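> Just passing along the structure, written as structure tokens.
Every read-out reported here was derived from the displayed coordinates using simple, explicitly stated rules and does not represent laboratory data. As the structure is a prediction and not an experimental result, all values here were calculated from the model. Virtual Cβ from ideal backbone geometry, glycine too; neighbours counted across all protein chains shown.
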Amino acid sequence: MAKRVAAKSAAQVNGQTALERACQRAAASGWPIVGRGWRVTDGALALAVPSQSEPGKRHMVVLVGAHLECDCKGYVDYALTCIHCGVVANEMAAEAQAFAARQAEARRTETAKRAASKPTPIVPTRSDADRASAPLARSNAPFSLFKAS
Ligand SMILES: [Zn+2]
């Protein structure tokens, strides 16, 4: 029985996995995440998504390793994923995108700060006297290409 469900979850329909389809349905539904916490038994991240079939009830979606598990009937019946997992996956993707954007902004700000705080190099001004006293101008070395005479 479990093997059949696992095979069903890996199967793709129209090139999409079951989770990708769940994410699309979740995005279309606009369902919110109404609670966040940790599962007491193992400290896994747990998120609550409202049930649509039973108003007032919430389903708990738990992040176990790298995959999501839900306590709804549809999770087992529908290829080990459901619209609640889709809601959470979409939220996690949005959070990851926002985090990446904040990181990129922080890097840009830090780079700008460093560039602003870096002292400008002192470029000595050259005068004609300096040029006349340049080492090659003063050199008597026989190998100097500039002193050929
Ligand atoms: Zn569910």
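> Considering each residue of the range 52-74, count those that are surrounded by 15 or more Cβ atoms within 10 Å (Cβ to Cβ), over 27 Å from the mean Cα position of the chain (by Cα), within 19 Å of ALA27 (Cβ to Cβ) and in contact (Cβ under 8 Å) with a residue 12 or more places away in the chain, and give that number.
1
> Which of the strands (runs of 3 or more DSSP E) contained wholly in the range 24-86 include at least 1 residues that are touching a Leu at 6+ places or on another chain (Cβ under 8 Å) and of a type in the set (Gly, Ala, Ser)?
Those strands (runs of 3 or more DSSP E) span 35-38, 45-50.
> I'd like to check something: does the range 98-118 contain any residue that is within 16 Å of the ligand (Cβ to nearest atom), surrounded by 10 or more Cβ atoms within 10 Å (Cβ to Cβ) and part of a helix (DSSP H, G or I)?
The answer is no, given that none of the residues of the range 98-118 is within 16 Å of the ligand (Cβ to nearest atom), surrounded by 10 or more Cβ atoms within 10 Å (Cβ to Cβ) and part of a helix (DSSP H, G or I).
> Another question about this same structure. Could you tell me which of the residues ALA18, ALA26, ALA79, ALA89 is among the small types (Gly, Ala, Ser), surrounded by 15 or more Cβ atoms within 10 Å (Cβ to Cβ), touching a residue at least 40 places away in the same chain (Cβ under 8 Å) and within 11 Å of the ligand (Cβ to nearest atom)?
After applying the criteria, what remains is ALA26.
> A follow-up question, please. Going by the conditions given, is VAL49 within 17 Å of GLN24 (Cα to Cα), in contact with a strand residue (DSSP E or B) (Cβ under 6 Å, 6 or more places away or on another chain), aliphatic (A, V, I, L, M) and within 12 Å of the ligand (Cβ to nearest atom)?
For VAL49, the condition - within 17 Å of GLN24 (Cα to Cα), in contact with a strand residue (DSSP E or B) (Cβ under 6 Å, 6 or more places away or on another chain), aliphatic (A, V, I, L, M) and within 12 Å of the ligand (Cβ to nearest atom) - is met.
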